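Notes follow once the structure below has been shown.
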Amino acid sequence: MRAGQAHIAVSQGGGGYGDPLTRDPQSVAADVTAGSVTAERAELDYGVALTEGAAGQWTADIDGTESLRQALRRERLGGRRPAGPCAGPDPRTRPFSLAIRIDDEGTTSCARCGAVVAEGGQDAYARLVVRDAPVSSVAPWSAAYPGSTRFVIRRLYCPACAAQVDVQVARRGDPLLRTAEPLRLDRQPGSLGGMRSVTVW
Ligand SMILES: [Zn+2]
């Protein structure tokens, strides 16, 4: 760079961890009050219904948030009614990722609703609901770069309850990236067995 030139970089928030619809609504409201999340994105991404109080303080409307989140889950499933959360994890399963549990046979199930995603040996990814959105829907600044339209934000959901299982950045039309591969437990003596994980789900 030469004197008088400027380099300007604009970035949005990071990817986060887990399904945004499970984040504590009051934490989201605090982020809006602090100015790190807009009220619009709080509704769209976190499903939090907000009330603005005096002096720019935002609070979450808990009932409104619950119905907004239910509507967003239904939208994820293309209008189907989503299953509710289960009472607790099946003791025969263990965590495979934040969203998916697995048993000794390699059967994967949803951590939120308990629905079986795929039997051992079946392709769990093929069972998930896949939704592609333009990159500009989460990164508005990218709209200034024509090449960005070649890419999509790809979200994968539990087909029963619409819990978010994975988020990927992909080229439009690319096949699904299988980032983790559940396997049957290898019962060979001395083997640790379990799963082969390419990257963590
Ligand atoms: Zn589920």
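What follows is calculated from the coordinates using simple rules that are stated; it is not laboratory data. Just so it is clear, the structure is predicted and the values come from calculations on it, not from any experiment. Quick reminder, even Gly has a Cβ in these numbers, built from the backbone with ideal geometry, and neighbours come from all protein chains shown.
Data table
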{"quantity": "Cα-based shape type of the chain, given that a ≥ b ≥ c are square roots of the gyration tensor eigenvalues and the cut on a/c is 1.5", "calculated": "oblate"}
{"quantity": "Across the chain: Cys residues that no other cysteine approaches within a C-beta distance under 4.7 Å", "calculated": "CYS86"}
{"quantity": "Estimated dipole of the chain in Debye, rounded to 20 [Cβ of Lys and Arg +1, of Asp and Glu -1, Cα centre]", "calculated": "620"}
{"quantity": "Taking CYS113, CYS158 and counting other C-beta atoms within 10 Å, the order from fewest to most", "calculated": "CYS113, CYS158"}
{"quantity": "Separation of alpha-carbon centers, segment 80-132 and segment 51-65, rounded to whole Å", "calculated": "34"}
{"quantity": "Burial order of peptide ranges 165-174, 102-111 (average beta-carbon count within 10 Å, highest first)", "calculated": "102-111, 165-174"}
{"quantity": "Gain upon complete extension [GLN168, ALA3; 0.36 nm per residue less C-alpha separation]", "calculated": "55.4 nm"}
{"quantity": "GLN70-ALA39 pseudo-label distance in nm [points 7 Å out on the Cα-to-Cβ vector]", "calculated": "2.4"}
{"quantity": "Fewest-first ranking of SER67, SER36, using other Cβ atoms within 10 Å as the exposure measure", "calculated": "SER36, SER67"}
{"quantity": "TYR145, TYR17 arranged by Cβ crowding within 10 Å, fewest neighbours leading", "calculated": "TYR17, TYR145"}
{"quantity": "Residue with peak Gaussian network fluctuation, the chain [Cα springs, cutoff 10 Å], from ALA133, ALA160, ALA54", "calculated": "ALA54"}
{"quantity": "Using alpha-carbon coordinates, inclination of helix 62-76 to the longest axis of the chain, degrees", "calculated": "70"}
{"quantity": "Simple spin-label estimate for SER136 and THR22 in nanometres, 7 Å along Cα-Cβ", "calculated": "3.3"}
{"quantity": "Kirkwood Rh and Cα Rg combined as Rg/Rh, segment 87-177", "calculated": "1.09"}
